[in-house]
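A.B. asks: Sharing a structure with you now.
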Amino acid sequence: MFSKGTKRKFSDGDEEISDESLVGARVASSYSLQRQSLLDMSLIKLQLCHMLVEPNLCRSVLIANTVRQIQEEMTHDGSWHMVTEAFCGPGQSPSERLVATEVLCRSREQDAEPKLFSVISYEGCREEEVVADETLCSVSVSDTVSNVCLAGRIGQCWEKSELSGVERDEEALEDSRLGSGEDEEIDTEDGASTESPKTTGQVFGTFEIKNSSPAPDSALEELFSDVDTSYYDLDTMLTGMQSAPKMGPYDILDSLAPSHSSPSIVSTPKCRSDLNELDHIMEIIVGS
Amino acid sequence: MIVFVSAGIHVTCMFEYQHLESFQQRRDTKTPVAYCNPSTHILTLIMRLRLFAGLAEVQPRPWFRPRMLSPVLCSDLAALEPEYTEADVISTVEFNQTGEFLATGDKGGRVVIFQREPQGEYNVYSTFQSHEPEFDYLKSLEIEEKINKIRWLPPHNPAHFLLTTNDKTVKLWKVSERDKRAEGYNLRDEEGRLKDLSTITTLQVPVLRPMDLLVEASPRRVFANAHAYHINSISVNSDCETYLSADDLRINLWHLNITDRSFNIVDLKPENMEDLSEVITVAEFHPHHCHLLAFSSSTGTTRLCDMRARALCDQHAKLFEEAVDPSRRSFFSEIVSSVSDVKFSHSGRYLLTRDYLTVKVWDLNMENKPLETYQVHDYLRTKLCSLYESDCIFDKFECAWNGTDSVIMTGAYNNYFRMFDRASLRDVTLEASREVCKRRAVLQPRRVCVGKKRKETDVSVDSLDFRKKILHTAWHPKENIIAIAASNNLYIFQDRMAPNGHHNTPEIQSAPPK
C-alpha cells in the first residue's frame, strides 16, 4: 500500500540513549516520533483487520503485542500518561489504559495531525464490531468543524451500543455481523459484551463533551431516553400496570398505519425513526 | 556453485541445479458473468449461481460480502486481469515418502498430483477439487477453500492416500488407478443396458481386460467441525494410525479411521481472549517417536511435547528458545522471531525452524540455543518498518531438509530461494522465475548487495520485488530434486551432477570458480 523504502529508516536495532546532550535530544525526539508513527500504523492495521473477511489471528496477535509493547514503553517514559490524561476525563485509573480493549487516544498537543480512535480487541468489543460501521472504527478526528460527520458517526456508535444493550434478545442478528473479526466461540461473547458498550459509551461520551454535539446526536439521545425499560420489568408486566402503552418489538408495524389512532403522538415519530435507524444501520452494514 | 576445499579427503559440494520442468496453473476465465461494483447486484448473482451449483441454499443476503470471486465466475475482464487468477496460486507442495509423487494444493481448493516418469520427469497424474468454499452461517463468514497443507500417508497398498486441509476441514483422499475393466457380464451388455433374458443361453465369467489408465480420487474421510480457528498444519504420526491437526490455539489428535471424534492435546486459548498473546504457528510429529510432537508459536518459541506425560500437553517437555539480547531488542523483535515453519530432520535428531530473517537448526537435546543459525536475508533488517507497513513481515516462509539432512533450503523474496550446506557452511541463492528457467538450464547463483553492485549480476536490495515470494518449497526425500512454488508456477529442479537422477556420493573435485 505504501511504496517501499521511502519511509525514513527506523533504527530498530539501536536505541541510542546517548549521553551527548544535543545529539541525544534529537535522537530521542526522532525516536519518539518514529515510535508514535509505528503506534499509529499498528492501530490502523488492527482496525483494518476487523474489516477483512478472513482475518489472520496470528497477525492480529503480533500487531496487538507490538502496540502493547509501545504502550508499556510510553508509560515508562511518562508520555503515555500525558497522552491519555489530556484527552480522557480524569478518574480513569491508569491500569485501564494498558488493557488491550481500551480505546486509545492521541494527545491533542501533537499538532493538527488526524487523531485515531480505535478499539483493540479480539472479542471484548465484539458488540461494537457487530453493529457498528467498519469505517467508524477508523474514524479520524480533528478539531475542525468540518468533522460533523464524525460526531454523527459517534452518535451512531453510541446508539448502536445502546441498541445492542437493549435489544439483546434480537441478537439473532447474527446477520448484522459484518463477517469480520476473528473466529471465536459463541459462548464467550456474552461475557465480554456487557463490558464494552459501557467502555466505548463512556469514552465516546467523554468525547462528545469536547465536541459540540450536533443536532442528530441529541435527537437520538432523546429517542433513547424515551425508551421506558419498565416494559421489561417483571413486576410491571405481571401487574399489568403500564401507565402508557410501551413500544414493544412488534408494535412498530402496528403504529405505522396512519389511520391507526396512535396511543401517543410521541410514539409514531419514534417508531418511524426506529425504522429509519434500521435502514440506516443496514445501509452502513452493506456499505453502499 | 561448486566449492571445494583443499586436498583433504573429504570434500562437500554444493550441487548445481538445473531446471527440469515447470508447470503453470490457470483456470478457465472465460465464463461470463457480469462483474460490476461490489453492490447488491453482484452479490445476488453470485448467490444464485451457488444455489445452482448446489453449494449453498441460502437467501441472498445483501450484507454478505464476497472476498474473492470464485474463479469460474470471472468475466471477460480477463484482458484487464493479471495472467492468472488468485485461485491458481499454489499454497502447498509436498513429496510423498518415496518421492514418486508430488502433490500441490492451490488457493482455489484444487489438488494436482504429479508422478515421476521412469525417465525422471514429472507429469500430471491426477487433479481433483479437494475443498469447496463454505459459508459459516453462525458467524457470517466465508471459509476459504485454500489448501493449507497436504500430507501423504505412508504407502500400505497400491492406492495412494493423502490428507488435505483448508482452514476448517481435513479430508483423507484415496487416489487409485484403474487400468483393467471387467467384461462379459451376464445380465448387462457392454453399454450397460439390461439384456433380454431370453437371449441368454449360457453363463460366462467376466474377464478383466486392460483399459486406458484411469486415475480416480475419492474422499474417504472428512474430519470436520473440530477447529474453531484456522488450521495451519497437519502431520501424520509415525504409527500411521493417527495424525494431528493444529489451528491457531489448539492441536487435536485424530485417528485416521474415526471422523467424529478427536482429542485435544494442546490448548493455548486463555480464559479471557483479551489476554491472548501467543498463537500456534506450526505443529509436527517426530518422524520416529510416535509420542513426541513439536509446535512453534508466534513468540519465537518451539516446544517439544511428550504425549506420554499427560493427556493435555500444555506443559512442554522441552522449550527451544534463543534469548534475545535486550540491547538489540526493537519493536519488531517479536514479529521477526515468530516461527513460520518447523521441520524435524529425517534422522529425528534435529529440528529446523524458520523465522522471518533466519533459519535455525536445533539439536533436540539442547534447548537454550540453536546449533546453527543461517541468515536468509539479513539485508532486510534495516527495512523492517516498511515491511511491517506492507505486511510482508507477516509472510510465512517454509523450510526443508534434504534427504541426508546435510543441506537445508528455504524461500525468500524476488523469487529467490536459498540453500545452506551445513557441513561446509556455504550457501547459495537461486532464482525461480520463468525468465531464467529454460529447459535444462543451469541455475546461476544470485547475489543481493546492500551498497553498490560489485558485479553486473548483483541485485540491489531496493530493487527486490516483495510481491514475488517463495513461501513453499519441498525436497525429494531421497534425491536432489526440489520443487519450488512461485505464485501459480511450480518449478522442479534437479541436481545437474546426477543426470540419471540418482544420488551421488560427494566427490572430490576442484574447479575454478565461475
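The values are calculated or read from the model by the stated rules, or taken from the named source; none is laboratory data. Since this is a predicted model, take the numbers as computed values, not measurements. In this analysis, Cβ positions are derived from the backbone assuming ideal geometry, glycine residues included, and neighbour counts consider all displayed protein chains. Surface accessibility is based on the protein's heavy atoms, side chains included, excluding ligands, DNA and RNA. Shrake-Rupley method; radii C 1.70, N 1.55, O 1.52, S 1.80 Å.
A.B. asks: Please go through (1) polar (S, T, N, Q); (2) at pLDDT below 85; (3) under 22 Å from B:Phe397 (Cα atoms) for B:Thr165 and return the number of the only condition it doesn't satisfy.
C.D. replies: Failing condition for B:Thr165: (2).
A.B. asks: Listed residues B:Ser345, B:Ser386, B:Ser340, B:Ser333; which is within 14 Å of another protein chain (Cβ to nearest Cβ) and modelled with pLDDT of 95 or more? Please lay out each step first, then the result.
C.D. replies: Working: B:Ser345 fails: within 14 Å of another protein chain (Cβ to nearest Cβ); B:Ser386 fails: modelled with pLDDT of 95 or more; B:Ser333 fails: modelled with pLDDT of 95 or more.
Of B:Ser345, B:Ser386, B:Ser340, B:Ser333, the one residue that is within 14 Å of another protein chain (Cβ to nearest Cβ) and modelled with pLDDT of 95 or more is B:Ser340.
A.B. asks: Tell me, yes or no, whether segment B:173-182 has at least one residue that is open to solvent by 30 Å² or more (accessible area, probe 1.4 Å), within 16 Å of B:Phe128 (Cβ to Cβ) and at pLDDT below 95.
C.D. replies: So far as segment B:173-182 goes, yes, one or more of its residues are open to solvent by 30 Å² or more (accessible area, probe 1.4 Å), within 16 Å of B:Phe128 (Cβ to Cβ) and at pLDDT below 95.
A.B. asks: Okay, next question. Have a look at B:Ile408, B:Ile393 and point out the one that is under 21 Å from the mean Cα position of the chain (by Cα) and in a strand (DSSP E or B).
C.D. replies: Working: B:Ile393 fails: in a strand (DSSP E or B).
Result: B:Ile408 is the single residue among B:Ile408, B:Ile393 that is under 21 Å from the mean Cα position of the chain (by Cα) and in a strand (DSSP E or B).
A.B. asks: Consider only pairs whose beta carbons are under 6 Å apart and that are at least six residues apart or on different chains; among these, list those whose first residue lies in segment A:62-73 and is within 8 Å of chain B (Cβ to nearest Cβ) and whose second residue is among the acidic types (Asp, Glu).
C.D. replies: Close Cβ pairs satisfying both conditions: A:Asn65/B:Glu334.
A.B. asks: Determine whether A:Ala64 is outside any loop (DSSP other than H, G, I, E, B), open to solvent by less than 50 Å² (accessible area, probe 1.4 Å), closer than 24 Å to B:Arg329 by Cα and modelled with pLDDT of 75 or more.
C.D. replies: In short, yes.
A.B. asks: If you don't mind, another one. Take B:Ala323 and decide whether it is open to solvent by 20 Å² or more (accessible area, probe 1.4 Å), closer than 19 Å to B:Val266 by Cα and small (Gly, Ala, Ser).
C.D. replies: no
A.B. asks: Same structure, new question: State which residue pairs qualify: first residue within 24 Å of B:Asp427 (Cα to Cα) and inside segment B:363-390, second residue surrounded by fewer than 16 Cβ atoms within 10 Å (Cβ to Cβ) and of a type in the set (A, V, I, L, M) in any location, beta carbons under 6 Å apart, and separation of 6 or more residues or different chains.
C.D. replies: Listed by first residue and then by second, the contacts come to B:Asp363/B:Leu371; B:Tyr379/B:Val450.
A.B. asks: Moving to a separate point now. From the list A:Gln92, A:Gln34, which one is modelled with pLDDT of 80 or more and not small (Gly, Ala, Ser)?
C.D. replies: A:Gln34
A.B. asks: Another question, then. Can you spot a residue in segment B:123-131 that is closer than 21 Å to B:Val236 by Cβ, open to solvent by 30 Å² or more (accessible area, probe 1.4 Å) and either within 14 Å of another protein chain (Cβ to nearest Cβ) or in contact with a Gly (Cβ under 6 Å, 6 or more places away or on another chain) (or both)? Explain how you work it out, then say what you get.
C.D. replies: Start the filter on segment B:123-131 by keeping residues that are closer than 21 Å to B:Val236 by Cβ, which leaves B:125-126, B:128, B:130-131.
Add one more test, that the residue is open to solvent by 30 Å² or more (accessible area, probe 1.4 Å), and what stays is none.
No: zero hits.
A.B. asks: Please go through segment B:428-451 and give me each residue that is touching a helix residue (DSSP H, G or I) at 6+ places or on another chain (Cβ under 8 Å) and either surrounded by 13 or more Cβ atoms within 10 Å (Cβ to Cβ) or more than 19 Å from B:Phe466 (Cβ to Cβ) (or both), ordered by number.
C.D. replies: Result: B:Val448, B:Cys449.
A.B. asks: Ok, one more. Considering every residue within segment B:147-160, establish whether at least one is more than 20 Å from B:Asp260 (Cα to Cα), within 14 Å of chain A (Cβ to nearest Cβ), without any contact (Cβ under 8 Å) to a residue 24 or more places away in the chain and open to solvent by less than 70 Å² (accessible area, probe 1.4 Å).
C.D. replies: No; the residues of segment B:147-160 include none that is more than 20 Å from B:Asp260 (Cα to Cα), within 14 Å of chain A (Cβ to nearest Cβ), without any contact (Cβ under 8 Å) to a residue 24 or more places away in the chain and open to solvent by less than 70 Å² (accessible area, probe 1.4 Å).
A.B. asks: In segment B:183-212, what count of residues is obtained for those that are in a strand (DSSP E or B) and without any contact (Cβ under 8 Å) to a residue 24 or more places away in the chain?
C.D. replies: 2
A.B. asks: If I go through segment B:270-305 residue by residue, how many of them are more than 26 Å from the chain's Cα centre (by Cα) and either part of a strand (DSSP E or B) or surrounded by fewer than 17 Cβ atoms within 10 Å (Cβ to Cβ) (or both)?
C.D. replies: 4
A.B. asks: If B:Cys240 passes every condition in (1) farther than 19 Å from B:Thr165 by Cβ; (2) modelled with pLDDT under 95; (3) open to solvent by 60 Å² or more (accessible area, probe 1.4 Å) but one, which one does it miss?
C.D. replies: Of (1) farther than 19 Å from B:Thr165 by Cβ; (2) modelled with pLDDT under 95; (3) open to solvent by 60 Å² or more (accessible area, probe 1.4 Å), only one is false for B:Cys240: (1).
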